[in-house]
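**Student:** Below is one structure. I have some questions about it.
The values are calculated or read from the model by the stated rules, or taken from the named source; none is laboratory data. What you see is a predicted model; the values in this text were computed from it and never measured. Cβ atoms come from the backbone with ideal geometry, glycine included; neighbour counts cover every protein chain shown.
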Amino acid sequence: MIVCVCNALKERDVREAARVADRNCPKAAFAQLGCKPKCGQCLPFAREVVSEARNAA
Ligand code: FES
């Protein structure tokens, strides 16, 4: 599933980035993937994916 349309980020990529990011926030995961939020529409879902991934780690 696509998390971020603007950056074409898949849920799997965001999950993986969240595990290695140093902070529990979507922006850190995006930075890990070499991009940043643009329109911001994806942030609520990205936040969910990030915290799930980090809680599971
Ligand atoms: S959908 Fe992620 S910034 Fe636009």
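**Student:** Could you check segment 10-48 and list, in sequence order, the residues that are crowded, with 21+ Cβ neighbours inside 10 Å and within 12 Å of the ligand (Cβ to nearest atom)?
**Tutor:** Val14, Pro26, Ala29, Phe30, Cys42, Ala46
**Student:** What tally of residues in segment 1-27 results from selecting those that are touching a helix residue (DSSP H, G or I) at 6+ places or on another chain (Cβ under 9 Å), of a type in the set (A, V, I, L, M, F, W, C) and in contact (Cβ under 8 Å) with a residue 12 or more places away in the chain?
**Tutor:** So the count comes out to 9.
**Student:** Still on this structure, I have one more. Could you count how many residues in segment 1-24 are in a loop (DSSP other than H, G, I, E, B), modelled with pLDDT of 95 or more and out of contact with any strand residue (DSSP E or B) (no Cβ under 8 Å at 6 or more places or on another chain)?
**Tutor:** 3
**Student:** Here's a follow-up. Quick one: Val49 ticks every box in (1) assigned to a helix (DSSP H, G or I); (2) without any contact (Cβ under 8 Å) to a residue 40 or more places away in the chain except a single one, so which number is it?
**Tutor:** For Val49, the failing item is (2).
**Student:** Could you please find all residues in segment 1-31 being of a type in the set (Gly, Ala, Ser) and closer than 18 Å to Ala56 by Cα?
**Tutor:** Selection gives Ala17, Ala18, Ala21, Ala28, Ala29.
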